[in-house]
Amino acid sequence: MTRNLDQTIFVAGHRGMVGAAIVRKLIALGYRNILTRSHAELDLTNQAAVHDFFAENNIDQVYLAAAKVGGIHANNTYPAEFIYQNLMIEANVIHAAHSHKVQKLLFLGSSCIYPKLAEQPMREDSLLTGTLEPTNEPYAIAKIAGIKLCESYNRQYGRDYRSVMPTNLYGPGDNYHPENSHVIPALIRRFHEAKTNGDLQVVVWGSGAPRREFLHVDDMASASVHVMELALDVWQKQVSPMCSHINVGSGVDCTIKELANSIAKAVGYQGDIVFDPSKPDGAPRKWMDGSTLQQLGWQANYTLTDGLLDAYQWFIKNTKQVRQA
């Protein structure tokens, strides 16, 4: 394809892990007009501010990577913030994009949109076929709403708004907060601190039996740009108007126990790993069917082993910053 490298591209959420990776990818491809705003500069939950921002800038494309995110503990503790902030962000940005004639937009969702007991691997058409996982239901409802917003503007106004549903992401720029982080950064920090302190064991939440799929964030950025740049006729041939979202995954899953052992190896921790079954496991398995995207010419580059080493190297380089977070 021929890229117009002079187009103005707004990456919402550029300071987050995924948004930063998308910016890196766009710069590597040669795009010259990448528009970003920090939360202090633009509050995406403020409808009037978002409208004014779009009015002031001639935007050609939007990558909507801004979101309030967190792990099981955060979702359980702050359900109101998770549903409210995410609903406001996506409603404001998607509607403003339409109102200001932005034809192309990519909305980033989450694998948690699928039912807790969805058939594995989870296909795109399993959306809304069953009950959601209770621990992150408010967040999932917000992400489902984002998909339906994109579909609705496509159907009514002929917009080209697409949605990508990544599996569990990790890598440079991840959140290493001791309580509000996802499983990989939480375990990287815990194993690193245990190694540093000489601890004889590390306790991991849950039984260790649930299976999860993980994707390096640079692979997610690559997939996002790939989906955005697909010709409309190619996209519509593979993805029906009423199923406008597409899965992004590595194609490989593992148990949490296997993951913990892999992270311990990447970090160099040699003590014991103990699992606490009194803590919640979440869904028994979350594995994405990424065959549609593979048919459209994309596949992941990072293995989990290489990706964990890369994530840990980033953590080491940013340890002081992470500890102050």
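I need Tyr176, Tyr153 ordered by Cβ neighbour count within 10 Å, fewest first.
Details: Tyr176 24, Tyr153 18.
So the ranking, lowest neighbour count to highest, is Tyr153, Tyr176.
Rounded, prolate or oblate: which fits the range 205-325, taking a ≥ b ≥ c as square roots of the Cα gyration tensor eigenvalues, rounded meaning a/c under 1.5, else prolate when a/b beats b/c? Display every interim value, and only then the final one.
Details: a/c = 2.62, a/b = 1.69, b/c = 1.55.
It is prolate, given that a/c is not under 1.5 and a/b is the larger ratio.
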Please list the non-local residues whose amide H lies under 5 Å from the amide H of Met122, H modeled 1.01 Å from N, same-chain partners needing a gap of 5 or more.
Trp287, Met288, Asp289
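Based only on the alpha carbon positions, what is the Kirkwood hydrodynamic radius of the range 1-110, in angstrom?
Numbers: mean 1/r = 0.0688 Å⁻¹.
Over the range 1-110, the inverse of the mean reciprocal pair distance is 14.5 Å.
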Out of the DSSP beta bridges found with both residues in the chain, what percent are antiparallel (nearest 5)?
10 percent
Of Pro172, Ala142, Trp287, which is farthest along the charge dipole of the chain in the positive direction, counting Lys and Arg as +1 and Asp and Glu as -1 at C-beta?
Pro172
Residues meeting the amide H criterion for Val204 (H placed from the backbone, H to H distance under 5 Å, 5 or more places apart or on another chain) are Val274, Phe275, Asp276
Let me know the charge dipole size of the chain about its Cα centre in debye, to the nearest 20, where only the beta-carbon of Lys, Arg (+1) and Asp, Glu (-1) is charged.
260 debye
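For the range 15-118, which GluC sites (Glu not before Pro) pass both filters: DSSP loop (anything but H, G, I, E, B) and at most 16 other C-beta atoms within 10 Å? Walk me through the intermediate numbers first.
On the way: sites: Glu41, Glu56, Glu81, Glu90; in loops: Glu41.
Those that pass, being in a loop and sparsely packed, are Glu41.
Could you rank the peptides 225-234, 64-73 by their average count of other C-beta atoms within 10 Å per residue, with the highest value first?
Final packing ranking: 64-73, 225-234.
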Each residue of the range 211-216 in order: what ³J(HN,Hα) in whole Hz does its phi give by Karplus 6.51 cos²θ - 1.76 cosθ + 1.60, θ = phi - 60°, with x for Gly and Pro?
9, 9, 10, 10, 9, 5
Between the range 115-186 and the range 260-280, how many Å separate their Cα centres?
27 Å
With bins 20 Å wide starting at 0, give me the P(r) of the chain over every alpha carbon pair, in whole percents.
32, 59, 9, 0
Where the only charges are on Cβ atoms (+1 Lys, Arg; -1 Asp, Glu), what is the dipole of the range 73-152 about its Cα centre, to the nearest 20 debye?
260 debye
Going by amide H atoms built from the backbone, whose H comes under 5 Å of the H on Ile246, apart from near neighbours?
Ser163, Val164, Met165
Give me a comma-separated list of calculated 3J(HN,Hα) values for the range 87-98, in order, Karplus coefficients 6.51, -1.76, 1.60 applied at θ = phi - 60°, integers in Hz, x for any Gly or Pro.
4, 5, 4, 5, 5, 5, 5, 5, 5, 5, 4, 4
Dipole in debye (nearest 20) - the range 123-242, about Cα centre, beta carbon charges: Lys, Arg +1; Asp, Glu -1:
160 debye
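Give the order of Asp52, Asp6, Asp60 when sorted by the count of other beta carbons within 10 angstrom, beginning with the fewest. Intermediate values should be presented prior to the final figure.
Working: Asp52 13, Asp6 9, Asp60 17.
Least to most surrounded, the residues fall as Asp6, Asp52, Asp60.
Among the lysines in the range 83-188, how many pairs, 8 or more places apart or on different chains, have alpha carbons under 19 Å apart?
Values: Lys101/Lys148; Lys104/Lys143; Lys104/Lys148; Lys116/Lys143.
Lysine pairs, 8 or more places apart or on different chains, close enough: 4.
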Among Tyr31, Tyr63, Met122, whose Cα lies farthest out toward the positive end of the dipole of the chain, if unit charges sit on the beta carbon of Lys, Arg (+1) and Asp, Glu (-1)?
Tyr31
What is the helix-to-structure angle for 217-229, meaning the angle in degrees between its Cα long axis and the longest Cα principal axis of the chain, kept from 0 to 90 and rounded to the nearest 10?
20 degrees
A correct Karplus calculation of ³J(HN,Hα) over the range 21-34, with 6.51 cos²θ - 1.76 cosθ + 1.60, θ = phi - 60°, whole Hz and x for Gly and Pro, returns 5, 5, 4, 4, 5, 5, 4, 4, 7, x, 5, 9, 10, 9
Using only Cα atoms, find the angle between the long axis of helix 256-267 and the longest principal axis of the chain, and express it within 0 to 90 degrees, rounded to the nearest 10.
80 degrees
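FYI, it's all coordinate maths here, none of it is from the lab. Small disclaimer: the values here were computed from a predicted structure and weren't measured. Every residue, glycine among them, receives a Cβ derived from its backbone with ideal geometry; neighbour counts consider all protein chains shown.
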